[in-house]
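Here's the structure, in structure tokens; my notes come after.
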Amino acid sequence: MMGKIVKGKSFKGCVNYILDRNKQTILLDAQGVRLKTKASIIRSFVTQAKLNPNLGISVGHISFNFSAQDKDRLTDKIMVDAVREYMQKMGIVNTQYILARHFDKEHPHLHLCFNRVDNNGKTISDRNDRRRNADICRELTEKYGLYISSGKENVKMDRLKEPDKTRYEIYYALNDIVPKCKDWNRLLSELKKQGIDTAFKHKGKTDEIQGIIFSRNGYSFTGSKVDRRFSYSKIDYQLKQNDFTHRQVYNIIEK
């Protein structure tokens, strides 16, 4: 279970997207809105948002993605229960919401639209929401016995568009090459063979390296944008560990 938080200001845009017929949508759950039409749902959200006119962003939108490996065992009820528990833990309570399922992709996924102005006109906090979101999704994935994806390893490259396609190509190259290298010279040489250029970011006008940038196909990404494991400091640490391990093994063989 993974949650993706989307910031927005338009209930109309959010509701129309979530209830799009082209996505074979099924409305699974709702609270506090008039369900007669999409227009009545939108009006319900907008009317309540006016209780707190100073709140700049009153639209809450979260998509929940479940692994295709859980498709056969995931009922609508299980997913709704998981999202309701998620909302409680995130503090999304005492407010209007709709929750719908889309069938336009091979993996089960839901979309939640909620009002950040609660029923009493108070603001539902989004402080540290992305960190809390990740922690809670992980907790619920384990609680419900759902498949825990290894992440980028399961991405279907043929479906990616630029610049994500290039970013994942760089990720796979680093994932393969870094464990095999003992120093930066070897790493940069191997990356060059894969058509990946590198540049270091320095602190001010000093020689102290603060970061690294990888470039390919006209696109550039900092190491941490490719993956947290590939920031400059973490790669540097891994190379030193690789060298240490190699020397230890060499010494054992020599003895």
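The values are calculated or read from the model by the stated rules, or taken from the named source; none is laboratory data. In this text the structure is predicted, and so the values were computed from the model without any measurement. A quick note on method: Cβ atoms are made from the backbone with ideal geometry, for glycine too, and the neighbour counts reach across all protein chains shown.
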As an exercise: evaluate V80 against (1) out of contact with any strand residue (DSSP E or B) (no Cβ under 8 Å at 6 or more places or on another chain); (2) closer than 27 Å to E142 by Cα and give the number of the one condition it does not meet. (1)
Just to be sure I understand, how many residues within region 28-68 are under 20 Å from A134 (Cα atoms) and in contact (Cβ under 8 Å) with a residue 60 or more places away in the chain? 7
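Can you name every residue in region 25-47 that is in a loop (DSSP other than H, G, I, E, B) and within 24 Å of the chain's Cα centre (by Cα)?
Initial filter on region 25-47 (in a loop (DSSP other than H, G, I, E, B)): 25, 32-37.
Answer for region 25-47, where residues must be in a loop (DSSP other than H, G, I, E, B) and within 24 Å of the chain's Cα centre (by Cα): just T25.
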Inside region 7-20, can you point out the residues that are under 25 Å from I78 (Cβ atoms) and surrounded by fewer than 16 Cβ atoms within 10 Å (Cβ to Cβ)? D20
Give, as residue ranges, the helices (runs of 4 or more DSSP H) completely inside region 68-187 that count at least 3 residues that are aromatic (F, W, Y) and out of contact with any Phe, Trp or Tyr (no Cβ under 6 Å at 6 or more places or on another chain). 164-177
Could you go through region 48-67 and let me know if any residue there is closer than 17 Å to I136 by Cβ, assigned to a strand (DSSP E or B) and β-branched (V, I, T). yes
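Quick test for you: out of G8, G32, pick the one residue that is closer than 16 Å to L99 by Cβ and either outside the structural domain of Q96 (by TED's automatic domain parsing) or in contact with a strand residue (DSSP E or B) (Cβ under 8 Å, 6 or more places away or on another chain) (or both).
Numbers: G8 fails: closer than 16 Å to L99 by Cβ.
When all the criteria are applied, what remains is G32.
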Failed criterion for K71 (all others in (1) surrounded by fewer than 21 Cβ atoms within 10 Å (Cβ to Cβ); (2) of a type outside the set (D, E); (3) touching a strand residue (DSSP E or B) at 6+ places or on another chain (Cβ under 9 Å); (4) modelled with pLDDT under 95 hold): (3)
Does any residue of region 223-230 turn out to be free of Cβ contacts under 8 Å to residues at least 24 places away in the same chain and either touching a strand residue (DSSP E or B) at 6+ places or on another chain (Cβ under 6 Å) or acidic (D, E) (or both)? yes
R116 passes all but one of the listed conditions (1) without any contact (Cβ under 8 Å) to a residue 24 or more places away in the chain; (2) farther than 19 Å from E139 by Cβ; the exception is number (1)
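Of the residues that sit in region 200-222 and are within 22 Å of D243 (Cα to Cα) and in contact (Cβ under 8 Å) with a residue 12 or more places away in the chain, which one is surrounded by the most Cβ atoms within 10 Å (Cβ to Cβ)?
Going through region 200-222, the residues within 22 Å of D243 (Cα to Cα) turn out to be 200, 208-212.
Pick out the ones that are also in contact (Cβ under 8 Å) with a residue 12 or more places away in the chain and you get 200, 209-212.
Working: F200: 14, I209: 14, Q210: 13, G211: 15, I212: 22.
Ranking the candidates gives I212 first.
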